[in-house]
């Protein structure tokens, strides 16, 4: 049995979960369930990113200790995923000792190797993104993009990781592994980003500015930069399980470059560890053309939809509506279209018919099918083609198309029921009609 290790991005718990969080976990769950059905031994990891300046600020604003704040916030995220029937095998928190120890071990290793050094930083800092900025990050008019929020100028001593040293290695790795990032065009975007020289990565924050983080093992006056801390969760969760490297790190497009496509593989390589086998990058859920975001106040509460329509309908919509890798607009109207036309009228109608007629005309037992004629042959041929295409499409993460093909098959099955009209055959005493009835019931179920 083949091992298959898949991860989601861990959620930053400074605000409540929204549709984007739910989608990523449900998508990963669908992949995990599919791989289990294909016979793989799956390990599915998700979790919570609990350190950083925004968490510290949110805890202080609420007037509670940071640990209490993340305990309560993480419980909210975890409750959502349990409600959505997400079949994760492990849930890691970056405040757990098992994670903090691995982070400190990796930092110490890199420091001992001379890959981390101290220097003065002069520049700009985005609290919203918890990252230092460069002049090239400005817009043409000299302003900062809205995504960075408030930007302040900072001068301070910090520790830096020699990121630039490994730029050529990363370019070579990407060139030798063209399937490293899915969809493929994201791979090209990363290579385009790497045409500009990288700066070394500041991997610390002084405790006088940020207390809520993992202390550096070689200088306790500093804590670890939240991205360096968070990225290592994929490894720290399985360090003693023999599952590394991951088959897929599943992430949103906004954290591909530079965190996952640049920092992450270079961090691992410098520490003597292999990078993940692949990065699976999904798009954004949009509302009125804007990305759903807690900080921007544009978000949909997934639990409201679950309460109204049920978990299965909600999961179906997420996977049916979004083409993996692309953005998708969320509207309640489109949700209702999928719910009514596909789930209720197509799938639900067929299930209701099959159960009702099998109960009424065959005592609730599916009868043996006869040979049938062209109607049955055509529908069975369509089923075989749909089944084979479904597996192939799921292998390629084209779940929306797989469900579309399934709906085509269900539509044709409903049409078959109309043509065969079992309710008419049941009224006949002709043995041939009774044989056709049994064949119809067997075929439609």
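The values are calculated or read from the model by the stated rules, or taken from the named source; none is laboratory data. Keep in mind the model is a prediction, meaning the values are calculated, not measured. Every residue, glycine among them, receives a Cβ derived from its backbone with ideal geometry; neighbour counts consider all protein chains shown.
For region 215-238, the criterion of being without any contact (Cβ under 8 Å) to a residue 24 or more places away in the chain and closer than 26 Å to residue 29 by Cα is met by none of the residues. Summed over region 3-25, the residues that are out of contact with any strand residue (DSSP E or B) (no Cβ under 7 Å at 6 or more places or on another chain) and surrounded by fewer than 22 Cβ atoms within 10 Å (Cβ to Cβ) give a count of 4.
Quick one: is residue 282 under 23 Å from residue 412 (Cα atoms) and either touching a strand residue (DSSP E or B) at 6+ places or on another chain (Cβ under 7 Å) or exposed (fewer than 14 other Cβ atoms within 10 Å of the Cβ) (or both)? Considered against the rule, which asks whether it is under 23 Å from residue 412 (Cα atoms) and either touching a strand residue (DSSP E or B) at 6+ places or on another chain (Cβ under 7 Å) or exposed (fewer than 14 other Cβ atoms within 10 Å of the Cβ) (or both), residue 282 comes out as no. Picking from residues in region 261-274 that are touching a residue at least 60 places away in the same chain (Cβ under 8 Å) and crowded, with 20+ Cβ neighbours inside 10 Å, the one that is farthest from residue 226 (Cα to Cα) is 270. Considering 326, 334, the condition of being loosely packed, with under 13 Cβ neighbours inside 10 Å, in contact (Cβ under 8 Å) with a residue 12 or more places away in the chain and under 22 Å from the mean Cα position of the chain (by Cα) is satisfied by 326 alone. Each residue in region 46-75 was checked for being in contact with a strand residue (DSSP E or B) (Cβ under 8 Å, 6 or more places away or on another chain), at pLDDT 95 or above and in a helix (DSSP H, G or I), and 4 of them qualify.
Of the residues contained in region 103-114, none is found to be in contact (Cβ under 8 Å) with a residue 40 or more places away in the chain and either within 30 Å of residue 303 (Cα to Cα) or assigned to a strand (DSSP E or B) (or both).
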